[in-house]
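First comes the structure, then the notes that go with it.
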Amino acid sequence: EPEVTQTPSHQVTQMGQEVILRCVPISNHLYFYWYRQILGQKVEFLVSFYNNEISEKSEIFDDQFSVERPDGSNFTLKIRSTKLEDSAMYFCASSESDNEQFFGPGTRLTVL
Amino acid sequence: LAKTTQPISMDSYEGQEVNITCSHNNIATNDYITWYQQFPSQGPRFIIQGYKTKVTNEVASLFIPADRKSSTLSLPRVSLSDTAVYYCLVGDGDDKIIFGKGTRLHILP
């Protein structure tokens, strides 16, 4: 069964550093998403991406964040100048239409 | 997006049927009801979706009364591996998912 994959599974970084979280969505999917979940809290929507552009973003997704689909398979989330409060699980998701979303296993980001 | 209300937590025993009810009094005509499951340290996983009456798949059943102001997710004969958080979502298929706190289901041996 096709699945969304994410790398790395765990990323540790120093405050102020840039990180890039990588995702490989399911191959025939057209809609891509990033969510985050701070430990013990709700899953929060960050951004959706369709047709090579952002379709919607939340208040969390400020200028510190950017997304890119550099080739036909990868979908990345870049966080510039990380802050302590960016520590969370980051989930990538993809969908074939605006319906069921398939989530990846997540990247645990720890900012020290 | 219609607001949903579901129990914060539930306990049950292996082999039992578990029913989790979600209230969505302000559901709109175009809205569907969707349930996701999240195991610890994993991403959410789609379980089932319905509009009205009853929907059944290999994992669960979803019961929706005629007024659609609530819905019940039914998990038959649960096992320890069904311990997870279950999210009830209501929406018209807008691309983003807004998750609530969900119901933390704990299955006991």
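The values are calculated or read from the model by the stated rules, or taken from the named source; none is laboratory data. Because the structure is a prediction, the values reported are computed rather than measured. Here the Cβ is made from the backbone with ideal geometry for all residues, glycine too, and neighbour counts use every protein chain on show. Just so you know, the surface numbers come from the protein's heavy atoms only, side chains and all, with ligands and any DNA or RNA stripped out. Shrake-Rupley method; radii C 1.70, N 1.55, O 1.52, S 1.80 Å.
Inspect the range B:37-50 for any residue being basic (Lys, Arg) and in a loop (DSSP other than H, G, I, E, B) and give the result as yes or no. No, the range B:37-50 contains no residue that is basic (Lys, Arg) and in a loop (DSSP other than H, G, I, E, B).
A quick yes/no check of all residues on (1) within 12 Å of another protein chain (Cβ to nearest Cβ); (2) part of a strand (DSSP E or B):
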| position | (1), (2) |
| --- | --- |
| A:Ser48 | yes, yes |
| A:Glu56 | yes, yes |
| A:Glu59 | no, no |
| A:Asp62 | no, no |
| A:Gly72 | no, no |
| A:Ser81 | no, no |
| A:Phe91 | yes, yes |
| A:Asn99 | yes, no |
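Taken over the range B:78-95, the criterion of being more than 16 Å from B:Arg45 (Cβ to Cβ), open to solvent by less than 40 Å² (accessible area, probe 1.4 Å) and facing chain A (nearest Cβ under 10 Å) is satisfied by B:Gly91, B:Gly93, B:Asp95. Restricting attention to the range A:101-112, the residues that are away from chain B (no Cβ under 12 Å) and crowded, with 17+ Cβ neighbours inside 10 Å add up to 2.
Taking (1) at pLDDT below 95; (2) surrounded by fewer than 20 Cβ atoms within 10 Å (Cβ to Cβ) in turn, B:Thr4 satisfies each apart from (2).
Evaluate the following for B:Cys22: is it of a type in the set (A, V, I, L, M, F, W, C), away from chain A (no Cβ under 14 Å) and either closer than 30 Å to A:Trp34 by Cβ or part of a loop (DSSP other than H, G, I, E, B) (or both)?
When the stated conditions are applied, B:Cys22 passes them.
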